[in-house]
Each structure stands twice: as C-alpha cells, then as structure tokens.
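As structure tokens, the structure follows; a few thoughts come after it.
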Amino acid sequence: MIQVTIDDKTLEVEAGTSIVDAAKSAGIFIPTLCHTDFLEPEGACRVCSVEIEQNGRFQVVTACNYPIRGELTVKTASERALATRRTVLEMMLARWPQVKVVRDLAKHLGITEPRFAHPQKNEDPHACILCGLCVRTCREGVWQNVLGFEGRGASRRVVMPYDGVAPECVGCGACAFVCPTGAIQMMDDPNHPADAARIRRAGMVVTKEMVLLDDDQCKMRRAGTAHLVEIMNDYDLLPVNNYRFGSSDDAHKISSPHFVKRFTQNIQDGCALGCDMACAKGSDDFEITTGPDKGKRVCVDGPEYETAGGTTNMGIFDPEWCIEMNYYCDHYGVDTISYCTLMAFVMECYEAGVLNKERTGGLELPFGAADAAMEVLHQMARGEGFGLVAGQGVRRMKKMFVADYGADPDFLNDIGMESKGLEYSEYVTKESLAQQGGYGIALKGAQHDEAWLIFMDMVNKQIPSFADKAEALHYFPMWRTWFGLMGLCKLPWNDVEPTDNAETDEPAKVPKHVAGYCDFVAGMTGQEVTPADLIRMSERVYNFQRIFNLKMGFGQREHDRIPYRSAGPVTATEYESRAERYDKQLAEEVDFDPAGKSTDEKCAALRTWREDRYEKLLDAVYERRGWTANGIPTLTTAKALGIDKMDGLVDLLTANGAAQ
Amino acid sequence: MPKVTLENLEKLAADAEAARAGMRADLCVCVGTGCVSAGSVALVDELKRAVKDQGLDGELKVTPTGCNGFCAHGPIAVIQPEGAFYERLKAKDAPTLIQKHFVDSTPLEDHMYRDPETRELVPLEKDIRFFAKQQTIALRNRGIVDPEDIADAIGRGAYRGLRKVLAEDMAPEALIQMLIRSGLRGRGGGGFPTGVKWQSCCAAAVERSETPYVVCNGDEGDPGAFMDRSIVEADPHAVIEGMIIGAVAVGASEGFVYLRKEYPLALERLYKALDQARAWGLLGDSVMGTDFAFDIIVHQGAGAFVCGESTALMASMEGRAGEPRAKYVHSVEYGYRNRPTVLNNVETWAVVGQILDRGPEWFASIGTGDVSESPWGGSSGTKVFSLVGNVNNTGLVEVPMGITLREIVYDIGGGVPDGRAFKAVQTGGPSGGCLPEGSLDLPVDFDTLQKAGSMMGSGGLIVMDDRTCMVDVARYFIEFLLDESCGKCTPCREGLTCLNEILTRITEGKGRDEDLGLLEDLGAVLKDGALCGLGQTAGNPVLSTLHHFRSEYEAHIRDGKCPAGTCKALIKYTIDPETCTGCTLCARVCPTECISGEKKQLHTIAQDECIQCGTCLDACKDDAVLVE
Amino acid sequence: MALTVNGEPHPFREGLTISALMQEKRFSYPLKTIFVNGARVDRKAQDTTLLSDGDKVDVIHLMSGG
Amino acid sequence: MSIAMEIDPQKIDAIIERWDRDPSFVIEMMQDVQEAYRHLPRVALAQVSRATRTDMARLYHIATFYKAFSLEPRGVFSVQVCTGTACHVRGAARSLDGLARELGVAPGETTEDLTFTLEGVRCLGCCSLAPVVAVGPDLHGDLDSSKVRGLVKKYRKRAEKMEGGNA
C-alpha cells in the first residue's frame, strides 16, 4: 500500500491506483469529461489536470491515468491546475459554445465567455467534442471496433470508415449511450421499440458489469463456458467414465487455461452481435489431424463446457482431441452432448463385455480410447460399420444389445444415461435429488436448460424439504422457459453478478437483472410487466407443451423415469469412491447400519431408499404445479392459465383422469 | 564472404588498410543527398573513366562516400590521404582534375576553396575555417569511408568496440557503468543519460523476465535538420554496431530502426549495410561467432512529425496511427509491445562503438561533461548540428559541447551572406526557440540553452538575417505543429488552433493589444496541459520570440508594420530608381503582369494589382526591388 | 468442537481464514456469498477474516449451470 | 493520362505475404499499395484488414493520419515543395504559391488530368539547396518562385512524351 495526500487528506492506496480513483475513495471530487470507470483511461480532454509534488518536483498531470506508484502530494485545485483546467475549458467553449456538458464544466470554473475566436466554432448543442468515449467503448467494451478517428490535428473527426454506415455495426447503441453530448443518434431501429432508451439503459447495466466485473468473476469473456471444467471437478460434478465418478486427477489436463490459449480473444463471438460477454469462443487456425479434412486449418466454434465435460465422460483428457471432435460434430451436424454420452455408454458396455472387437467392427473401445471414438464418429457420418449402431443413440442401443447380444436389460437401463430418449447433459446428479427431478421431469428430456439446482440443493443446502425442492422445480423451470420464449440468452441473468446482489433478499434470483428483463419487455412492447407476469407467460406455454406430450402418447409419470446411475451408485466401485458419504447417509437418514455389511448389500439398501425419495419428489412437484399424481395438468390448472379453450383439450384431460 | 569473428576482425581491418595504403591516392567523392542532387553520381563515374583513360586505375582509387558536411560547396571531392579539397565539381571537370592534379601535379585552382575574407586559395580541407573548429566522433568516417562496402568500414575500425565487449564477455552492469562514466546523454533532444536509461530497462527486463527491445529513432522530423540522415548515409555500420552493443547491455534479441520514408538514399544504404552485416556474421544467430543472437528490422516512417516522440513511434511500429500515450510509466518499463524498450536517437547509437573502443574517459574528456556527482552533470562529447538558413557555409558540423553559438555561426558558418545583419538563431526545432544576438556567446550544451528559453534539441541550427520576421517565424512553427499534432488532446489541438488564429491575425495587421496576454496563456496551457512532448513544447517558439522580440509584435499590432518586410498584408513592393537597369525580367515573371516599363527604363509596380507574391524580388539580379 | 459449513462438520484449526477454508473445501466457484454466524462477510475481507472454533459458515453459490 | 485502376488481388496478397501477414507491419503494407497504385483503393484496404485481422477503423485512421497515404489517386508527378525552416526563410512559401498558381491547384490537391499532385512537405533534409522542390525522386535546389514556370513546363513536356510512349 502507498501513502498519498490529496488536498490535505492522507490515505493509503494500492500501487497503480489512479489519482481519480484515490480521490473518489476519499470523497474528493475531480471533474472529468473523457473518463469513465468502465474503460481504460485515455487522458485526452485534460479536464482532470491536477498538480502533484513528488520529492520536491512540481508537475501538472492528468488524474484519470496517473498511476500512484510512490508517495506523493496532490493538489486538485492548485493555481497551476486551475489555470490549465480553465484554459482547456475556455478553448472548448470557444469551439462548442452550446454544448451543455462544456458550458456546465466551464461555468463551474467561472467561465461564461471565451476570450478566443475559434475558426471551427460549432453552435450545435449536440456537437461532437472529440472525447473519444464512443470509439473506446466500441473497441474495449463491445469489441466491435467499428468507430474510429479520421485525420489528425485540427481536422480530427470521429467516423465510421469512409463516413458510411459500417456493415459490422450491430446497432447495440453503446456509443450513443456513453456520448456526453448526444452527438450520436441511433438511426431508425427496425424493430420500432416503444422506448428504445429504456432498453438501452437496462442493457448498459449488464454491459458495464460484464466489462468491469467478469475478469474477477467467471472470466467468461476470456474462457466462455469452458471456465466450468475445473470448477465442476472441484465440486465432484464433472462426469467421468459414463457418470461413474465426479472428478479425476487428470482433469487439470483439460482445464480452461488450455482452451483460453486456443481461443481468439478480444473479438465479437458469432452468437449475439454486440454482446459484451461474447462467450461463444472460437478456436481459429486449428489444424485438423483426422478424417476428410485432415491437414486443413479451420475455425472451430467452441468448445463449450458441455463438449469438454463430455470428453472427460469418455475418460479422455486431451483438449486438442476435444476441439477436433467439436469440429467434426458441427461438421456432421451431430450434437456433441449426445455423441459424448452415447460413446460413454458404448465404452462402459465394451468394458463390461456386452460389446467386443467383433461387435465393434474391430475397434477397441474401452474408456479413454480417443482414436477409436473419433473413428466411430466418422463412421456415423458415413453411415457405415459400428458407427451405424452407435448412431442410434442410447435408448435404441439398449434394445439392440439386449436383443442381439443377450445383454442384461436391468444393467443397461441403470447405466444407459437417457431420459425420454435424450442423452443426459454433462453433470453428475447423484447427490442432488432436486437436479435428478430437473433432468427427469424436463419436457424435452435430460437437459439442464429448464433447471440447474445442484448448487442450491447439494452445496448450499437451501432447499432441504420436498416442498422446497418442488417450489424450486416450479419457479426456475418456468423462469428459464421464458428466455426460450423471448429468444434471449440466460447468461446476463446470473453468469455475472451485480456487486450488491448479496444484499438483496433472494440473491439466487438476482432481482436486479430480473428487473432488467422487465424493462426490456416494457421497452419493446410499451406494456409494463412484473416478474410474476413473466412466470405466468411461461406457465401457460409449459403446461400446454406437457398436454401436447400427453396427446402424443407421452407426458405421464412413467415417462419421467430416470436411470439409477443418475440417482446413485450402480456398481461397487462407484460406492467405494464415495463410501464415507454413503455409509453416513445409510446410518443417519436411511437408519440402516452399514457396519459389517457387504458393498452390494449397502448399494441395495441405498437404492431402495433413493428410488423411493425420487417418487416422493415427483408427487410434491406434480402437486405444486397443479398436476395429477400421474403428472398431467388438471382442468382447473388449464382453466386458471386460460389455455382450456383449445378444442379437444378438455376431452383429452378427462380421458386421462385429469378432469378435476 | 568472410565471417567476422572475435579473432579475425583485426586481421580484416589490417588487410583493408594495407590495400588502401598501397594505392597512391584515394579520391573520396561526397555522395550525400545534397551533392547527389547536384550531380555527384555522374562525377564519380566520370572520375573512374578518367583514371582508366590515364592508365592510373592501379594506383588511384575512387570512393563514393557519405555527406562530407560542406553542402554549400558541393559536389565535393577530397583526395586522401593528403586531404586536398576540391568543390563545385561537375562531371565534365573530371578529366581536367585527374590530368592536372595527378599527371601535371598542379592543383585545379578554379575548383579550390577561396577564403571569403582573405580571398586566398586554401588547398587542404583541414585548413578551411568550416572544418577547423570541428571535432568528429559520430561523423568520423564522413567523406572517407564507402558506406556501401563493409570491408572499407571495417578497415576504418568499425565493430572494434563491439569486439571488445564480446571478447571480454562484459557483464551488462559493467557495460552500463562504462556508458554512465562516459557522460553520454541522449542526442535526440531529451538529453537523458543513456547509461541510466539502459540500466532501468535492463532492471525492468530482469524483474519481469521479459526480453526487451532496442529501437533507433531516425524519424528526425525537425524541419531544417538532417543530422540523422547524414549519419546513416555516411556510416550506417556505426549505428548498427551501437545497437548491437546496446542489445548486449540490456539482453535484447530484436532491434528496430525507424527511419523516415522521405530519406530514400539513407534507407537504401541502411538496407545494404544490414544485409552485409548479416552476411559477414555481425547480425543473426551468432554475432561474431559468439552465442549472442541479434537482428534488426527497419520500419519506414510514413510521414508524421509526431512519430519522433517515443510512444508515438512505438505505436506506429505496432501498426497504428502515431498517437502518443502518457509517459507516467516510461517506455524503459513498458514500451514497444508493452515490453521494456530502449529507444535512442541515431546519433546516440552512432557514438556508442567509439566510447567502448576508445574508452569512456576519452569521451568524457571532450565537451563540458562532469559526471562525478551525477549522470546529469554537464554535457560530454560532441554534438552534430545542421547549420542552415541565412548563413554562408550551410552544412553539417560536429563540434565539442560547450562551443559558443558565435563560433558556430561565424567561425564555422562564415557569418550571414549578402552583407545582411544577423538577427536570430533558431535551435531545437518546433520545440525550441529563437535566440537573439545577445545570446551568441552562450555555450551550446543541454542545460544552458534551456535556461535561455530555447533548447539544444536534435541539432537544427537555423540562422536568420534581418529580412526574417519573428512573428512570421512563430506563426510558421505554430502552423507546422497544428498540421502535425495528432489531435488527441484538447490543449494541443484547440490551443494550436487558437494560437494560429491569433498569430495569423497579427501578421495581417489585425492584431489587438490583449492578444499578447492570450498568447502567454495559451503557451502556459500547452506546457502544463498537453499530453506529450510535442504539445508541451509547442509554445516555446511563440514564448521565446515574444520574450526576445516583443517590439516586433508591437510594431505589427500598433503600427501595422512588418519591420522585416515579410508579412504580405503589411508590405509594399516598389522598384528602386537608382539600381533598376530596366532589364524587364521582373515584368516577365510577374503573374498578374502589374509591372510596367520600357526596355532599359525604370519599371513601376501598380500597387492595386500587386498581390505581394514576391516573384519580382526573387527574380531581380540587381536587388532593385524594395520592400517596406 | 468443529466448524459447520453448509450444515456439515469441518475440522477447525487456529489461524484459519475464510479464503483458506474455501481452499480446503475446494469451493473454487467465484460467485458466492459467505455468512459467518448469519453475518455476511464482504469479498474483500475474506482473505483476512479469521474463523473461530464452532463458527457456523454458510456459503451460498450463485450458480445455475453452463 | 489515366492510370490502371483495376486492382489485382494477387498483387495485394503478395504484398501482405511479403510482410508475413503481421498486423504490426500494416503500415508497410499500405506503403507498398500506395507505391503500386499511387493511392489506397478501398478494396485493397479491405483485403489487408481481413488478412491481418485488423479492423477497418484502424486502417482508415492510418490512411488519413500519415502524409504518405491518400485515398484519392495522386498525380503521376508528385511535386513536393519542402517547407522546412531553412527553405521557409529562403522563400519556400513564395515557391509554393507560384506552383499553386501555375498548376491551378491548391497545395494537397491533384490536377484534373492526374498529372501533378502539389504538396508542401516536411524537411527533405538537403537544406543547403534551399528552397528545394522535389518532383518524384529528383530534387531541384534553389527553386525560387521565378523558376516555377520553367520547372512546370519541363515536366509537362515529359508527361506528354510519357503519355505518347505510355509510361
């Protein structure tokens, strides 16, 4: 820490702190114009000039970018500092006499009439005063680099290249927002929003947080979602070897720094143009080593966390292999989660003897068989050999292996990680009953975009009772479905946290950001909405989808079944990997004394207890959502949501015992 | 191509010297930009043909060399080793020169230098007053060595300093201490002790375990300055050797030379010298056979004076517009590509080799330096000046620090031509100031000129006679700076605009009394408020002319008169009845044809049509055109 | 005696700061709010605040998936 | 006297390759393009921008910042009047005005027939010949305003010869 005295107030600051920040922390006001805490200081306008004295030497410096690195004394209003500031503002007033921010700053220093006659005098109250805030925002904040300067000296102007409208401009409005004089006007916004400024204000709240806070929060501007790899490993949630284990000593080989090195930084991602998180990272100039594109240097979209988590799920810990797999999945139109989870299933079947070299067309496929796994992916695309079999997905493979190879159906159902035919996404849910429900009840199958409750449930222990879990499995799925309805991304909601979020009453819901989404809806439609209104919008759609599934022959309790591997240890090795935790649970919650019992006996006892808890969870959730015990929305619920007018709906519910 | 090593350098030098000594004489012909444009390339070819015609090519060697310095009298040839000096040679004079000097061994008198005062012929270069008081270190090889032949340079002692550094395996700290002991301060104008700069760069590199860069600033934007051009054109290997030694001192493996695009000949010679240095093993993976690896890349300045400022130069080398950044953190810590960087001027690099070869004490003994207490003590060594403007002997001079302005302008420069009166000397370029007659006895060094309101700067020394209007000079510099300002910070962009507006009004006779106060306020806001060196010193030309020549400002404002007769709006051109011979030349060149008169009769100018373009003044052979 | 962290016991040792506890529990996720005996501890103070035996520590992660 | 205006992408690519696509050498690339086409065609800048991953805003700022570049085609002969201090005090301003009158363009502009571009330039470094005017590579010393007409006539003739001979 370094001692600095500002206007006779002495304080300690960290080395490198700017004088403006030090003064602000001591409650001392220094006027600035081209500075904002949201961007690197530029030192262009010189309005913040102050006088410093360091070992006997007096000097006028700009407070915004002077880094305090040694003891010094600062006078913010010394005679020389004021003279500099006054003349700077006098010259600006001479050139831009009607611009409000210039007049105010000048009046603050006692200047109303400039003594200079400026040849480029501009009477427009919204004239551009060349502070450069817009150029820097577009460069450092939005990474779109569309705005820039033209010329030098007196002819310097802010322009888009060739004075036209640059095709790369995404109309995010950040430049218009930061401009202190209103010199930048947004052209006609094709969506004709009711109140564009309101939307932009809400957007800027999140933009500022992402640019300022992300680096010491999730670092998604650098690593994207891949930042989760080592975190999931730390919390024992990273799927390893078909969800058997939650972590691995090899996880550091595929942690996020490897991907950060590969990702092209500081550019917009291909996802939502103008977004400041830009977390859909890409690996440019990546050389392909297998398959039809061998030797080519390509741009790979990703990898996201799921692709990396899927790789560890196959017992593979090579980031380069993961990127190449990501490339070919995109290239062939295969979802990376489905490919990884079905391959993990194939590998467990191979190690369990259900599959062997003849059945795989000569490929050896234990966990970690990276090259063989890639070959299966190529075969899948060509519709040849074992690729044709694996490409059917876990649900169909289970039936084929029982029919063709006489495999034990119970074992395959336990380890086949699919629900409603969709392969599980890459989180180990064994110790979180709420997330088991989140995956099991999800309308489209085991995908976490409806609910991700592992931390609330397993780590924070915020929802211990069935009723708590049911309430969470109502609010969060409804809230997150709303993003899908609006085509909005959920990351700005809670992948960056406002600094004061912890003081709010429900930090898990991040109320400040939820309010931002209400502003967005009101700004677009001109209609005021509350968070509850948003939930209601989702409930109507969500329940309609459930009833639609019913119409298609699904959508009932039996379809919300989950494989036991997602709810507890299937094999002895799994039990032993967390023996201490399971023995404790048996003794305290299941009242089954584990002492002296064999692992199989303990597994069985644990299983009966956990399967029963899952059933109780379903009951609690169905009840909270206004559904029958068989998981069907009741007529009263449909009426309350106003979706009962659909023709055939009432008959369908009545036919399925949900007429009450 | 031989590979230079620690062992064979001396032998190579001795061979080259022996070859030269074997010859009867070596005709050194100046092929600097000035002489080239006066036809010296053709002169070299003709001399070679004349030597062959006389069958003397076994005994006589013709060597094209860099700028000899005495540009006013170019094209120049000096016959070594005797030092006979011939001037204003045309290609057609070649045969007569060879015939008379070597066959008849009688000097070619009408191409010898005639002292303007004594009117006597001065055969030897060393006796000519222009050269007498000079002492060359950076320019020691000028007019002697062939810049495009590395063997010749080695013959003249090139890379001997480097060999010493590498042979004795000097530790960086030891090498840096030698630089500090030598008292060498930056020749680019800043005057920062070079040893101290290398020391802090070395420290930053070690502390952050990063490889630093070494940069040579050849942007030389000051108008009226061509020292760096001449050094690179005359002795590129001196600059290269200096940079390699600098790289050893700070542990750099990459060096950059930033040279102006407006210097095509210097660029061509630098590229050739670098290629030869690489071929002879002085650059690349194994410098002089040791395991030290270093190479140099050239960046061409694209036309921006501000890029002479170190951070703007580095921005330009990073492929960006030349906008400076705040220097609160010096570039020795965070410079090019944010790594520790040593940036020195061409002239500074050019003397480093000598300091190592002949020892820091030898260098400190020259000039007025005394680094016993502090590295900032006084000014050691010599300084190269480009002496230009209204002075007889315009050219390149290298003089020991501490010499007085009077000695430079009169003893070396030969005073003001056409019998006009000396008025002022401008030093330090746009960041410097104008010093009147009263300051002529000031010693020229880093600190004294600074106190007198100017600065030594990079070496431009422009002599002005009584026909130069000081207000116009101030306006000229402000207009130049406004055109060259990067426009990033308010004081410089708007301050220079306002200064230009006021000064232009004054030169048009529309000045007001309170303008002088405004000029001082604007000078102050620039000095304290501007972001970089260009802006901070932009007020100096105005403040120094205001200080030393306030009466001229007042004449413009109060009496609407321009005493020097330059400001167009305030002057009238008339023709002097006594001296006009009626040769009709002025009438013919006048663009508005407002001059009338019969052949051999007095001509008159129609004042209402005259646009004060001054073409008649330039054209008149008999100085009959008067200005008041 | 021992600490209770999110309802589970955790061994206590002298001089244990909150940040050190986070390392031991491998709670590496950045977005988390920490309460000691019900009182919130600001992020900047977590390196210096010392725990005492028997403290009840609640670590609320704000995390809802990739 | 028109100059070949269509831009050859291979030629631009060769220039970019010569500086091995390194963004810190975009200025050198632009100098080569300026040399080849006597201005910076927009398509060429776009090609440099893509190949070196530098944004157009940065290249456009460079193109309008440095004196060596121009977005509009320059004349065959670039007439550069040195406005250094030494030349200034020996009458360069009068030479520049004279040339402007003779060529009928203001400093910084190009004649209609794209033959001449007139510019006041920074010190060319041969102050002993002040005032100096450079036309392309050749320097003309002691070029005061009275010699302006002769200089322009000389290059006009050379331009016609080149025009006939298709330079």
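Results, tabulated for the structure shown:
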quantity	calculated
Qualifying residue in segment A:163-170 (condition: farther than 21 Å from D:Ser49 by Cβ and not assigned by TED's automatic domain parsing to the domain that holds A:Asn501)	no
Test for B:Leu47: is it surrounded by 21 or more Cβ atoms within 10 Å (Cβ to Cβ), among the aliphatic types (A, V, I, L, M) and out of contact with any Lys or Arg (no Cβ under 6 Å at 6 or more places or on another chain)	yes
Scan of segment A:20-37 for residues that are in contact with a strand residue (DSSP E or B) (Cβ under 9 Å, 6 or more places away or on another chain) and farther than 23 Å from A:Gly110 by Cβ, ordered by number	A:Asp21, A:Ala22, A:Ser25, A:Ala26, A:Gly27
Single residue of segment B:398-414 satisfying the filter (in a helix (DSSP H, G or I) and not hydroxyl-bearing (Ser, Thr, Tyr)) that is nearest to B:Pro443 (Cα to Cα)	B:Leu405
Pair list, Cβ under 6 Å, 6 or more apart: segment A:267-296 residue within 14 Å of chain D (Cβ to nearest Cβ), other residue crowded, with 18+ Cβ neighbours inside 10 Å and assigned to a loop (DSSP other than H, G, I, E, B)	A:Ile267/A:Trp143; A:Gln268/A:Trp143; A:Gln268/A:Gln144; A:Gln268/A:Ala278
Cβ pairs under 7 Å, 6+ apart, first in segment A:175-201 and at positive phi and touching a residue at least 12 places away in the same chain (Cβ under 8 Å), second assigned to a loop (DSSP other than H, G, I, E, B) and surrounded by 13 or more Cβ atoms within 10 Å (Cβ to Cβ)	A:Gly182/A:His126
Residues of segment A:62-86 satisfying the condition of being aliphatic (A, V, I, L, M) and crowded, with 24+ Cβ neighbours inside 10 Å	A:Ala63, A:Val74
Entirely in segment A:370-458, the helices (runs of 4 or more DSSP H) that have 1 or more residues that are in the same structural domain as A:Tyr582 (by TED's automatic domain parsing)	none
Hey, D:Phe65 at the interface with another protein chain (Cβ under 8 Å from one of its Cβ atoms), of a type outside the set (Lys, Arg) and in contact with a Cys (Cβ under 8 Å, 6 or more places away or on another chain) or not	yes
The lone exception for A:Val146 - which of (1) touching an Asp or Glu at 6+ places or on another chain (Cβ under 6 Å); (2) more than 12 Å from every other protein chain (Cβ to nearest Cβ) it fails	(2)
Identity of the residue in segment A:355-378, surrounded by 23 or more Cβ atoms within 10 Å (Cβ to Cβ) and within 24 Å of A:Glu574 (Cβ to Cβ), that ends up nearest to the chain's Cα centre (by Cα)	A:Ala373
Pick from segment A:230-245, criterion part of a helix (DSSP H, G or I) and touching a His at 6+ places or on another chain (Cβ under 9 Å), ranking: farthest from A:Thr573 (Cα to Cα)	A:Glu230
In segment A:12-38, the residues that are buried (at least 16 other Cβ atoms within 10 Å of the Cβ) and out of contact with any Asp or Glu (no Cβ under 9 Å at 6 or more places or on another chain)	A:Thr17, A:Ser18, A:Ile19, A:Ala22, A:Ile30, A:Pro31, A:Thr32, A:Leu33, A:Thr36
Any helices (runs of 4 or more DSSP H) falling wholly within segment B:440-551 and containing at least 2 residues that are among the β-branched types (Val, Ile, Thr)	B:470-484, B:490-507, B:540-548
Every residue from segment B:311-333 that is in contact (Cβ under 8 Å) with a residue 40 or more places away in the chain and in a helix (DSSP H, G or I)	B:Thr311, B:Ala312, B:Leu313, B:Met314, B:Ser316, B:Met317
One residue from B:Gly453, B:Gly487, B:Gly539 being on the phi > 0 side of the Ramachandran plot, in contact with a helix residue (DSSP H, G or I) (Cβ under 9 Å, 6 or more places away or on another chain), crowded, with 18+ Cβ neighbours inside 10 Å and more than 10 Å from chain A (Cβ to nearest Cβ)	B:Gly453
Residues (in contact (Cβ under 8 Å) with a residue 24 or more places away in the chain and in contact with a helix residue (DSSP H, G or I) (Cβ under 8 Å, 6 or more places away or on another chain)) located in segment B:589-603	B:Val589, B:Cys590, B:Pro591, B:His603
Selection within segment B:175-198 - in the same structural domain as B:Asp222 (by TED's automatic domain parsing) and in a helix (DSSP H, G or I)	B:Thr194, B:Gly195, B:Val196, B:Lys197, B:Trp198
B:Val165 being surrounded by fewer than 18 Cβ atoms within 10 Å (Cβ to Cβ) and among the β-branched types (Val, Ile, Thr)	no
Pairs where the first residue, in segment D:19-37, is over 19 Å from B:Glu262 (Cβ atoms) and the second is of a type in the set (Gly, Ala, Ser), C-beta under 6 Å, 6+ apart	D:Arg21/D:Ala51; D:Pro23/B:Gly319; D:Ser24/B:Gly319; D:Val26/B:Gly319
Leading residue by the ranking (nearest to B:Tyr263 (Cα to Cα)) among those in segment B:302-314 that are small (Gly, Ala, Ser) and more than 10 Å from every other protein chain (Cβ to nearest Cβ)	B:Gly308
Every residue from segment A:132-153 that is over 24 Å from the mean Cα position of the chain (by Cα) and either touching a residue at least 40 places away in the same chain (Cβ under 8 Å) or buried (at least 18 other Cβ atoms within 10 Å of the Cβ) (or both)	A:Gly132, A:Leu133, A:Cys134, A:Val135, A:Arg136, A:Val146, A:Leu147, A:Gly148, A:Phe149, A:Glu150, A:Arg152, A:Gly153
Among residues of segment B:334-355, those that are crowded, with 19+ Cβ neighbours inside 10 Å and not in a helix (DSSP H, G or I), counted	8
For B:Phe292: the one exception among (1) touching a residue at least 60 places away in the same chain (Cβ under 8 Å); (2) assigned to a helix (DSSP H, G or I)	(2)
Filtered residue count, segment D:88-100, keeping only those that are facing chain B (nearest Cβ under 8 Å) and within 23 Å of B:Gly460 (Cα to Cα)	5
Evaluation of B:Ala171 against (1) free of Cβ contacts under 8 Å to residues at least 24 places away in the same chain; (2) more than 24 Å from B:Leu343 (Cα to Cα) (one fails), failing number	(2)
Selected residue (only one of A:Ala390, A:Ala369, A:Ala373 is within 16 Å of A:Met417 (Cα to Cα), in contact with a helix residue (DSSP H, G or I) (Cβ under 8 Å, 6 or more places away or on another chain) and touching a residue at least 12 places away in the same chain (Cβ under 8 Å))	A:Ala390
Only listed residue being more than 24 Å from the chain's Cα centre (by Cα) and either away from every other protein chain (no Cβ under 13 Å) or not in a helix (DSSP H, G or I) (or both), chosen from A:Val165, A:Val205	A:Val165
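The values are calculated or read from the model by the stated rules, or taken from the named source; none is laboratory data. The structure displayed is predicted, hence computed values, not measured ones. We place every Cβ from the backbone using ideal geometry, glycine too, and count neighbours over all the protein chains shown.
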